[in-house]
Amino acid sequence: MDVLKILLVEHEVGRLAPLKAALGNQGYEVAAAENARLLHDQVMQFEPDVVIVGVDSPDRDTLEGICVMNQDRPRPVVMFSDDGNPHAIRAAIQAGVVSYVVSGLDPGRIRAVLEVAIAQFQAYQALHENLAGVRRELAESKLIDQAKSRLMRELGISEPEAYHRMRRHAMKQQKKIAQVAELIAKARRLDFLG
């Protein structure tokens, strides 16, 4: 496995150097930042595999920085915090934190925490992609059904014949049937189907 690149965001400047050194000693490539507000830009520059955020308690700016980053450049985010309040934990998870660890960063268990966070993130991303695919398929199916209904209504043909014409046109034009359905939805006249 390649060396993991970690972006370390620590609000306490005094804790930043020791944490960076501890992670570096374990073989990680580490970039450090003191502010989560610019997290999106920092992720764009460094392209980390994992983001570690150390805070006493997750504040609005930190959570917003994580949300903005996750819109364009989602990454596994591990948060180490002294705040075990359930509301703080929920807010962090909703912002996109995949692992929330209370009571400090222990260098002895960091590898396990990172492995769990990466696995959780990958599972979430797979679910997200599957859901997006299902939504896309449902939208295409609905569009195809609407196109068939229009052909049946305006051309006075059966559903199998409407589908056959759409499929034949798709094959001729080397398009997907959903693309033909979209053409039908936008067309003023349907004579292009033949």
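Read-outs: derived from the displayed coordinates by stated rules, not from any lab. Note that the structure is predicted; figures quoted are calculated from it, not measured. Here the Cβ positions follow ideal geometry from the backbone for every residue, glycine too, while neighbour counts run over all protein chains shown.
Quick one: which of 56-62, 34-40 comes out on top by average Cβ neighbours within 10 Å, and what's the full order, highest first? Could you put the intermediate results ahead of the total?
Values: 56-62: 15.4, 34-40: 17.9.
Ranking the peptides 56-62, 34-40 by packing returns 34-40, 56-62.
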- Query: Given the convex hull over the Cα atoms of the stretch 1-62, what projected area results after averaging over all orientations, in nm²?
  - Reply: 4.2 nm²
- Query: Quick one: what does P(r) look like for the chain with 5 Å bins over all Cα pairs, in whole %?
  - Reply: 1, 7, 14, 15, 12, 7, 5, 5, 6, 7, 7, 6, 4, 2, 1, 0
- Find the Cα radius of gyration of the stretch 89-186, compare it with 2.2 N^0.38 Å by division, and give the number to two decimals. 1.89
- Task: Would you mind calculating the gained length between R153 and K5 on full extension (0.36 nm times residue separation, minus the Cα-Cα distance), in nm to one decimal?
- Result: 47.4 nm
- Item | Phi to ³J(HN,Hα) by Karplus 6.51 cos²θ - 1.76 cosθ + 1.60 over the stretch 55-70, Hz, x for Gly, Pro | 9, 5, 8, x, 9, 4, 4, 5, 5, 5, x, 5, 4, 5, 4, 5
- Compactness of the stretch 132-193 - radius of gyration and Dmax, Cα, Å: 11.2, 35
- Task: Identify all lysines with a Cα-Cα distance to K5 below 29 Å; exclude those on the same chain that are fewer than 8 residues away in sequence.
- Result: K20
- Principal axis dimensions, largest first and in whole angstrom, of the stretch 5-105 by Cα: 34, 30, 19
- Task: Return the whole-Å distance between the Cα centroid of the stretch 16-59 and the Cα centroid of the stretch 155-194.
- Result: 53 Å
